[in-house]
1. For region 202-214: of the residues being part of a loop (DSSP other than H, G, I, E, B) and within 12 Å of the ligand (Cβ to nearest atom), which is nearest to Val7 (Cα to Cα)?
2. All but one of (1) loosely packed, with under 15 Cβ neighbours inside 10 Å; (2) closer than 27 Å to Pro46 by Cα hold for Tyr284; which doesn't?
3. Which of the residues belonging to region 215-231 are part of a helix (DSSP H, G or I), touching a helix residue (DSSP H, G or I) at 6+ places or on another chain (Cβ under 7 Å) and either within 16 Å of the ligand (Cβ to nearest atom) or on the phi > 0 side of the Ramachandran plot (or both)?
4. Could you list, ordered by first residue, the pairs with Cβ atoms under 8 Å in which the first is in region 1-17 and closer than 12 Å to Cys100 by Cβ and in contact (Cβ under 8 Å) with a residue 60 or more places away in the chain and the second is more than 9 Å from the ligand (Cβ to nearest atom) and of a type in the set (Phe, Trp, Tyr), at least 6 apart or interchain?
5. Going by the structure shown, is Glu219 in the same structural domain as Leu258 (by TED's automatic domain parsing) and either free of Cβ contacts under 8 Å to residues at least 24 places away in the same chain or surrounded by 21 or more Cβ atoms within 10 Å (Cβ to Cβ) (or both)?
6. Taking the criterion of being surrounded by 14 or more Cβ atoms within 10 Å (Cβ to Cβ), at pLDDT 95 or above and more than 25 Å from Glu219 (Cα to Cα), would at least one residue in region 100-111 satisfy it?
7. Taking the stated definitions as given, is Glu186 without any contact (Cβ under 8 Å) to a residue 24 or more places away in the chain, out of contact with any strand residue (DSSP E or B) (no Cβ under 8 Å at 6 or more places or on another chain), more than 15 Å from the ligand (Cβ to nearest atom) and over 28 Å from Leu17 (Cα atoms)?
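The values are calculated or read from the model by the stated rules, or taken from the named source; none is laboratory data. Note that the structure is a prediction, hence the values are computed from the model and not measured. Glycine gets a Cβ as well: all are built from the backbone with ideal geometry, and neighbour counts include every protein chain shown.
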Amino acid sequence: ALTAGIVGLPNVGKSTLFNAITKAGAEAANYPFCTIDPNVGIVEVPDERLNKLTELVDPKKTVPTAFEFTDIAGIVEGASKGEGLGNKFLSHIREVDAICQVVRCFADENITHVSGKVDPLSDIEVINLELILADLESVSKRLERVTKMAKQKDKDAMAEEIPLTKLKEAFEEGNPARSVELSKEEFELIRGMHLLTIKPMLYVANVSEDEIADVSNNEYVQKVRDFAKEDGAEVIVVCAKIEEEMAELEDDEKEMFLEELGIEESGLDQLIRATYDLLGLATYFTAGVQEVRAWTFRKGMKAPQCAGIIHTDFEKGFIRAETVAYDDLLEAGSMTAAKEAGKVRLEGKEYEVKDGDVMLFRFNV
Ligand code: GDP
């Protein structure tokens, strides 16, 4: 299963946020694909469409979909040189599929900041630079070897030299691998290196409890937003402390709490959805009277692969999928009405499943 890593300097609120995630946490038993590990928190994906489908179908049970966050502790300046947890830390990042970088945007004099003052941009720079330096080292080593082979006119080496050189140049200018334009072929050649800075990243601006309702006066958040814009990255504003308190509340209590604070949606819920998207994930639904359920698939997957997420037999024996778009089903008001309106399609093996498809798989056993 794909997972997103939570990284950040010490004392920025990572553990607080991760606590919120595990406390709000989904039942691992419902999600057999998920890892059982203290550093992994499973979150359910909040999805209004699932509630609407539940109202429509009135099933015995409703199951949301879920994915994982991994807590990656302790990056400090010098990690790429092995300081702090150094290499161990970097190898943990290597294993995740996307990165959520927590940035401290709250000024609390009681809480020490590692570098002495709250300065989100310099924090971001420290972390991003460590990741770039680690990548620079891997790419330089590889390039050295490949260049030697290329001199002997080794065809593969000559091809690989091109993307490696582009990457090295970018790193030397302080830019991440994801900013480098690579052709599909070039990307394939360097994919196996699992570079840290090729992973998609978003920023989590952690603000104080008095500012969460209105961050327009928080200059730290503004700075992070400006920076992220250039990086093409998203910024999610949260108050980790409030999320941690809220994680233990029931849904209706949570809603009241949010209303009191003057917030529309919890930052954690926003973070979950943004991260899901960052991981390249999307949702399809099954809607039977026994169970209405959301399923996670990777964008671009075809119908048989999606069927295989439910059960491998569904993929092996796949015949076709009765498919209706969520909006069409809701508009029609029932599956029968949707069929009568001609909105239910029979899709075959080549159908690329779309986010929000409601599906019924037909298969041979
Ligand atoms: P980590 O080192 O990044 O894991 O940071 P922690 O989660 O341990 O947080 C460091 C300190 O900052 C703790 O004392 C937290 O209670 C505090 N903290 C975290 N988030 C917030 C927040 O949103 N507001 C305030 N005021 N304090 C926070």
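1. Val207
2. Failing condition for Tyr284: (1).
3. Passing the criteria: Tyr220, Val224.
4. From residues that are closer than 12 Å to Cys100 by Cβ and in contact (Cβ under 8 Å) with a residue 60 or more places away in the chain, the pairs are Thr3/Phe67; Thr3/Phe69; Ala4/Phe67; Ala4/Phe69; Gly5/Phe69; Ile6/Phe69.
5. Yes; evaluated as a whole, the condition is true for this residue.
6. No.
7. Working: without any contact (Cβ under 8 Å) to a residue 24 or more places away in the chain: no; out of contact with any strand residue (DSSP E or B) (no Cβ under 8 Å at 6 or more places or on another chain): yes; more than 15 Å from the ligand (Cβ to nearest atom): yes; over 28 Å from Leu17 (Cα atoms): yes.
Considered against the rule, which asks whether it is without any contact (Cβ under 8 Å) to a residue 24 or more places away in the chain, out of contact with any strand residue (DSSP E or B) (no Cβ under 8 Å at 6 or more places or on another chain), more than 15 Å from the ligand (Cβ to nearest atom) and over 28 Å from Leu17 (Cα atoms), Glu186 comes out as no.
Listed here are the residues, each with its yes/no results for (1) out of contact with any Asp or Glu (no Cβ under 8 Å at 6 or more places or on another chain); (2) among the hydrophobic types (A, V, I, L, M, F, W, C); (3) within 16 Å of the ligand (Cβ to nearest atom).
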site: Ala98; (1), (2), (3): yes, yes, no
site: Asp108; (1), (2), (3): yes, no, yes
site: Asp123; (1), (2), (3): yes, no, yes
site: Arg145; (1), (2), (3): yes, no, no
site: Gln152; (1), (2), (3): yes, no, no
site: Glu160; (1), (2), (3): yes, no, no
